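**Q** I have a structure I would like to understand better, so I am pasting it below and will then ask my questions one at a time.
The numbers here are math on the coordinates, done by the rules we state, and not lab data. Remember, predicted model here, so these are calculated numbers, not experimental data. Positions of Cβ are generated from backbone atoms using ideal geometry, with glycine treated the same way; all protein chains shown enter the neighbour counts.
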Amino acid sequence: MKILVTGGAGYIGSHTCIELINTGFEVIVIDNLSNSSLESIKRVGSLVDRNIPFHKIDVRDRAKLINIFKQYKIDGVVHFAGLKSVSESVESPLEYYDNNISSVLTITEVMKEFGCKLFIFSSSATVYGDSESVPIRENFPLCAKNPYGRSKLMVEEILQDVFISDGSWQIALLRYFNPVGSHKSGLIGEDPNGIPSNLMPFISQVAIGKLEKLRIFGGDYDTPDGTGVRDYIHVIDLAKGHAKALEALKGKPQVLTLNFGTGTGYSVLEMIKAFEKVSGRKIPYEIVDRRIGDVAVCYADSTSALKKIDWKAENKLEEMCQDTWRWQLKNPDGYPKNK
């Protein structure tokens, strides 16, 4: 099967390309490289020993998308392309709605035109908002608290409507919790633009000396140590989940909604302690005001993924920290910026 991976040069996309290829899928990547590097695709190619077809395309460009579908007989789409910062979405909501929603409208229209109806959507735990209880199950009320989360929730609703209009679609809505870690080789990993908005790359850049100290957003949450609690999942486990979802969907029309997490929540201070143990480096930090849109506690119940697609997270926190640190040591400045 030929799978089009949108945003495939990004953090989760590049790792998923490896797992898809290892599972037997043929991968074609498109990415506008606004928050990613072509170098990641070159390194994916070296890890799987093949050239990865790549096209620099914005998913909202309908004409160029049509050319891709004409050039390759696409059997399915794994859609990662989109903006992903909660805090940035609060500052630039229109940009987030345009990018994250318009891209899905465009690509599903083109898919329909070419009779391609297998679609994996990269959703987020932010669709749950500030859940009243944990662990969070897929049937919990949905109430996103920021533009990023709302854009994901709106797309989920759009895809549900697409299925209602045409029951031959095979759609997966995969709600990620907090992806961390990197490939065991240390060749590909998370390389954010500017100061990271996610915790783990922020910690690792402080550990390597690239940043002076970590900013912890909020120390007065109703949690054991006052800092936010999240479910951190290794990006390799997450990537494998996409391959499992594709296998489960093939030829089985449905909308499959699944949480991808570990079921365990760690506070920011616990994450710092775990990373210090692995790296042997002290992580200086300061506690600052809470960010708008953040919640106190968020971790998953992922038993549905085990029952429905035979998937569960395997990597523990120590491996997440070890693999993040390996990537940071090998790539102190991320991917080369001239490539």
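**Q** Within the P(r) computed for the range 94-149, what percentage of the Cα pairs occupies the region above 12 Å?
**A** Working: 1109 of 1540 pairs.
In whole percent, the share of Cα-Cα pairs in the range 94-149 beyond 12 Å is 72.
**Q** Once label points are set 7 Å from the Cα along Cα→Cβ at both TYR72 and ILE158, what is their separation, rounded to one decimal in nm?
**A** 2.1
**Q** Something else now. Using C-alpha positions alone, give me the convex hull volume of the range 221-288 per residue in cubic angstrom.
**A** 121
**Q** Could I ask something else about it? Past 24 Å, Cα to Cα, is the threshold; run LYS145/LYS312; LYS152/LYS337; LYS250/LYS308; LYS145/LYS244; LYS70/LYS117; LYS70/LYS240 against it and keep the listed order. Provide the component values of the computation, followed by the final result.
**A** Working: LYS145/LYS312 27 Å; LYS152/LYS337 30 Å; LYS250/LYS308 13 Å; LYS145/LYS244 30 Å; LYS70/LYS117 16 Å; LYS70/LYS240 28 Å.
From the list (LYS145/LYS312; LYS152/LYS337; LYS250/LYS308; LYS145/LYS244; LYS70/LYS117; LYS70/LYS240), the Cα-Cα distance tops 24 Å for LYS145/LYS312; LYS152/LYS337; LYS145/LYS244; LYS70/LYS240.
**Q** On full extension of the chain, what length is gained from LYS316 through ASP61, given 0.36 nm per residue of separation minus the C-alpha to C-alpha distance?
**A** On the way: separation 255, 0.36 × 255 = 91.80 nm, distance 3.98 nm.
Stretched out fully, the LYS316 to ASP61 stretch lengthens by 87.8 nm.
**Q** Run the dipole for the range 2-330 about the Cα centre, Lys and Arg Cβ at +1, Asp and Glu Cβ at -1, nothing else charged, and hand back the magnitude in debye, nearest 20.
**A** On the way: 39 positive and 41 negative charges, 182 e Å.
With only Lys, Arg, Asp and Glu charged at Cβ, the dipole is about 880 debye.
**Q** Follow-up. Based on C-alpha coordinates, I'd like the Rg and Dmax of the chain, in Å.
**A** 19.0, 55
**Q** Still on this structure, I have one more. Find, to one decimal place in angstroms, the Kirkwood hydrodynamic radius of the range 6-68, where the mean of 1/r is taken over every pair of different Cα atoms and then inverted. Let's see the in-between values first.
**A** Values: mean 1/r = 0.0854 Å⁻¹.
When all Cα pairs of the range 6-68 are included, the Kirkwood radius is 11.7 Å.
**Q** What does the net charge come to around ASP75 if you take all other residues with beta carbon closer than 12 Å to its beta carbon, with K and R at +1 and D and E at -1?
**A** Working: positive: LYS2, LYS73, LYS117, LYS250; negative: GLU26.
Here the count lands on +3.
**Q** Just to confirm the number: angle between the C-alpha axis of helix 199-208 and the first principal axis of the chain, 0 to 90 degrees, nearest 10?
**A** The angle comes out near 60 degrees.
**Q** Any idea what diffusion coefficient the range 178-270 gets from Stokes-Einstein, in µm²/s, Kirkwood Rh on alpha carbon pairs, 10 °C, 1.306 mPa s? Walk me through the intermediate numbers first.
**A** Values: Rh = 15.6 Å.
So the translational diffusion coefficient is about 102 µm²/s.
**Q** Say the dipole of the range 2-330 comes from +1 at the beta carbon of Lys and Arg and -1 at that of Asp and Glu; which of LEU238, TYR299, ALA125 then lies farthest toward its positive end?
**A** LEU238
**Q** Checking the a/c ratio against 1.5 first, then a/b against b/c, what shape does the Cα gyration tensor give for the range 1-151?
**A** Since a/c reaches 1.5 and a/b is larger than b/c, the shape of the range 1-151 is classed as prolate.
**Q** Treat each spin label as a single point 7 Å out from the Cα along the C-beta direction, and report the SER165 to ARG137 distance in nm.
**A** Placing both labels 7 Å beyond Cα along the Cβ direction yields 3.2 nm.
**Q** A further question follows. Only helical DSSP H runs with n ≥ 4 go in: add -39500 (n - 2.57) per run for the chain, normalise by residue count and round the 222 nm mean residue ellipticity to 500 deg cm²/dmol. Present the calculation step by step, with values, prior to reporting the outcome.
**A** Details: 11 runs with 138 residues, N = 339.
Result for the chain: -13000 deg cm²/dmol, rounded to the nearest 500.
**Q** Could you give the size of the charge dipole of the range 1-90 about its Cα centre, using +1 on the Cβ of each K and R and -1 on the Cβ of each D and E, expressed in debye and rounded to the nearest 20? Show your work: numbers first, answer last.
**A** On the way: 11 positive and 9 negative charges, 56 e Å.
That gives a dipole near 280 debye.
**Q** Next question. Give me Rg/Rg_expected for the range 266-339, where Rg uses Cα atoms only and Rg_expected = 2.2 N^0.38 Å with N residues.
**A** 1.46
**Q** Same structure again: With springs only between Cα atoms under 10 Å apart, run a GNM on the chain and tell me which of SER133, SER122, SER197 wobbles the most.
**A** Looking only at SER133, SER122, SER197, the largest GNM fluctuation is found for SER133.
**Q** By average Cβ neighbour count within 10 Å, what is the ranking of 54-62, 81-89 from highest down? Can you show the working numbers first?
**A** Working: 54-62: 17.7, 81-89: 21.0.
Result, highest mean first: 81-89, 54-62.
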